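*Asks:* There's a structure below that I have some questions on.
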Amino acid sequence: MRQIDNADVTPGSGGFAAQVADTVARVVSNDWVNAEYKLIVLDAPGLAASAEAGQFFNIECPVVGEDKPFFRRPMSTYAADPETGRVEFLYKVAGAGTRGLASLISGGTTRILGPLGVGFTLPDDVRSIVVLGRGVGLATLAPLAEMARDRGVAVTAIVSARGPEQILSVERFRAAGAKVEIVLDSDGTSAMTNVEAILRRLHAEGRADGFYTCGSNRLMLLMQKLAAELDVFGEVAMEQQMACGLGMCFCCVRNFTVEGETISKRVCWDGPVFALSEATSW
Ligand SMILES: Cc1cc2nc3c(=O)[nH]c(=O)nc-3n(C[C@H](O)[C@H](O)[C@H](O)COP(=O)(O)OP(=O)(O)OC[C@H]3O[C@@H](n4cnc5c(N)ncnc54)[C@H](O)[C@@H]3O)c2cc1C
Ligand code: FES
């Protein structure tokens, strides 16, 4: 496997300091996991396989018919294993880029730029965490459960979905030793009042001294409110449309609230993981 364009990236204000590689990765498999999502497994040894939980890659998506994705598309690392040299992405087939990605077959190649961005942190005094996600957000949170397990931190995963067919990543969370609570739109259990009750119960049971979320504005706002009220450490992985992924084009800027002031930050460079207390609604 060829690794090219290896470059040192100088850290910016709050940005990441890391080596980034543009790796030509070989497709091992690219299979549907349900009607909307595919899992692509890539052979991408070297720097790419050292990606940490919450980091992402900017992925080249092939041109297929009328679909001509000019920019690469950002995807969270679903799995990265330096021993096998494999990197995995769980993605929703949504538009031109991901339709192109979905067309890749075993033996084909694509280029992945990364690992990019600032990943999740687990402070030493956080001994039990709750991860709360929905949709593609669950792809971002799954590696965090494994990072927590490796550090002896207990995990509860609250998996939100439209219905049973859209449930994602539950096996990954369970394999990481996480207790899983599934909440669904189809039976009403995903209602904010119920999710809030679950979070309050977990906190009262001493199972929540860290809150982590991704994939839903409403769930982020709920966790943010409770984290402030219960004085719980929290982080959120944000999404934003991107172009360069490297902090240069400023197309991924979002507003954050830092010590009462509105501050603009680049999601690709200062994040995508941010303090939960700083996030603003999207
Ligand atoms: C850091 C990061 C990590 C991500 N990780 C994953 C992941 O693990 N799995 C996954 O499926 N998706 C992930 N995404 C979202 C993914 O990048 C977009 O779904 C993808 O770019 C859509 O490309 P497309 O060409 O298929 O769709 P497009 O035709 O570009 O867009 C289809 C629809 O999706 C919306 N959209 C496009 N890009 C984004 C975006 N970045 N955020 C929110 N909405 C968007 C568009 O407005 C449009 O409505 C991530 C995004 C970021 C920023
Ligand atoms: S995508 Fe270019 S600065 Fe973030």
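The values are calculated or read from the model by the stated rules, or taken from the named source; none is laboratory data. Bear in mind that the values here come from a model prediction, so they are computed numbers and not experimental data. Cβ atoms come from the backbone with ideal geometry, glycine included; neighbour counts cover every protein chain shown. In case anyone asks, the SASA skips ligands and DNA or RNA and just uses the protein heavy atoms, side chains included. Shrake-Rupley method; radii C 1.70, N 1.55, O 1.52, S 1.80 Å.
*Asks:* Among the residues of the stretch 248-269, which ones are within 18 Å of the chain's Cα centre (by Cα) and within 9 Å of ligand 2 (Cβ to nearest atom)?
*Replies:* CYS252, VAL253, ARG266, VAL267, CYS268, TRP269
*Asks:* Being touching a residue at least 40 places away in the same chain (Cβ under 8 Å), within 21 Å of PHE89 (Cβ to Cβ) and part of a helix (DSSP H, G or I) narrows it down to one of LEU221, LEU199, LEU141, so name that one.
*Replies:* LEU141
*Asks:* For CYS244, all conditions in the list (1) within 14 Å of ligand 2 (Cβ to nearest atom); (2) touching a residue at least 60 places away in the same chain (Cβ under 8 Å); (3) touching a helix residue (DSSP H, G or I) at 6+ places or on another chain (Cβ under 8 Å); (4) under 14 Å from VAL118 (Cα atoms) hold save one; what is the number of the exception?
*Replies:* (4)
*Asks:* Of the numbered conditions (1) more than 15 Å from LEU246 (Cα to Cα); (2) in contact with a Gly (Cβ under 8 Å, 6 or more places away or on another chain), GLN55 satisfies every one except a single condition; which is it?
*Replies:* The number of the failed condition is (1).
*Asks:* Okay, moving on. Within the stretch 164-186, which residues are open to solvent by less than 20 Å² (accessible area, probe 1.4 Å), assigned to a loop (DSSP other than H, G, I, E, B) and not polar (S, T, N, Q)?
*Replies:* If the condition is that a residue be open to solvent by less than 20 Å² (accessible area, probe 1.4 Å), assigned to a loop (DSSP other than H, G, I, E, B) and not polar (S, T, N, Q), then LEU168, ALA176, ALA178 are the ones that fit.
*Asks:* Then there's this: Just the residues that are touching a residue at least 60 places away in the same chain (Cβ under 8 Å) and either among the polar types (S, T, N, Q) or open to solvent by 30 Å² or more (accessible area, probe 1.4 Å) (or both), please, taken from the stretch 119-138.
*Replies:* Matches in the stretch 119-138: THR121, PRO123, ASP125, ARG127, SER128, ARG134, VAL136.
*Asks:* Restricting to the stretch 139-153, count the residues that are surrounded by fewer than 21 Cβ atoms within 10 Å (Cβ to Cβ) and not acidic (Asp, Glu).
*Replies:* 5
*Asks:* Follow-up. Cβ-Cβ below 6 Å, separation at least six or inter-chain, first residue in the stretch 260-278 and without any contact (Cβ under 8 Å) to a residue 40 or more places away in the chain and closer than 22 Å to LEU122 by Cβ, second more than 11 Å from ligand 1 (Cβ to nearest atom) and open to solvent by 50 Å² or more (accessible area, probe 1.4 Å): which pairs?
*Replies:* GLU278/THR257
*Asks:* While we're here: Do the conditions hold for THR189, that is, is it out of contact with any helix residue (DSSP H, G or I) (no Cβ under 7 Å at 6 or more places or on another chain), part of a loop (DSSP other than H, G, I, E, B), farther than 30 Å from ILE59 by Cα and of a type in the set (Val, Ile, Thr)?
*Replies:* In short, yes.
*Asks:* In addition: Just to be sure, is ALA35 outside the structural domain of ARG200 (by TED's automatic domain parsing), open to solvent by 10 Å² or more (accessible area, probe 1.4 Å) and more than 12 Å from ligand 1 (Cβ to nearest atom)?
*Replies:* yes
*Asks:* Need the failing condition index for GLY108 against (1) touching a strand residue (DSSP E or B) at 6+ places or on another chain (Cβ under 7 Å); (2) open to solvent by 40 Å² or more (accessible area, probe 1.4 Å), just the number.
*Replies:* (2)
*Asks:* Look through the stretch 219-241, keep the residues that are within 16 Å of ligand 2 (Cβ to nearest atom) and polar (S, T, N, Q), and return whichever of them is most open to solvent (accessible area, probe 1.4 Å).
*Replies:* Among those residues, the one meeting the criterion is GLN241.
*Asks:* Return the residues of the stretch 154-163 that are assigned to a loop (DSSP other than H, G, I, E, B) and open to solvent by 10 Å² or more (accessible area, probe 1.4 Å); say none if nothing qualifies.
*Replies:* Within the stretch 154-163, ARG162 is the sole residue that qualifies.
*Asks:* In this structure, does GLN240 turn out to be assigned to a loop (DSSP other than H, G, I, E, B) and of a type outside the set (A, V, I, L, M)?
*Replies:* yes
*Asks:* Still on this model: Could you go through the stretch 244-264 and let me know if any residue there is assigned to a loop (DSSP other than H, G, I, E, B), on the phi > 0 side of the Ramachandran plot and either away from ligand 1 (no atom under 16 Å from the Cβ) or among the polar types (S, T, N, Q) (or both).
*Replies:* Taking every residue of the stretch 244-264 in turn, at least one turns out to be assigned to a loop (DSSP other than H, G, I, E, B), on the phi > 0 side of the Ramachandran plot and either away from ligand 1 (no atom under 16 Å from the Cβ) or among the polar types (S, T, N, Q) (or both).
*Asks:* Let me ask another. Kindly indicate the residue of the stretch 200-218 that is surrounded by fewer than 24 Cβ atoms within 10 Å (Cβ to Cβ) and under 15 Å from the mean Cα position of the chain (by Cα) and also nearest to LEU144 (Cα to Cα) among those meeting that condition.
*Replies:* GLY215
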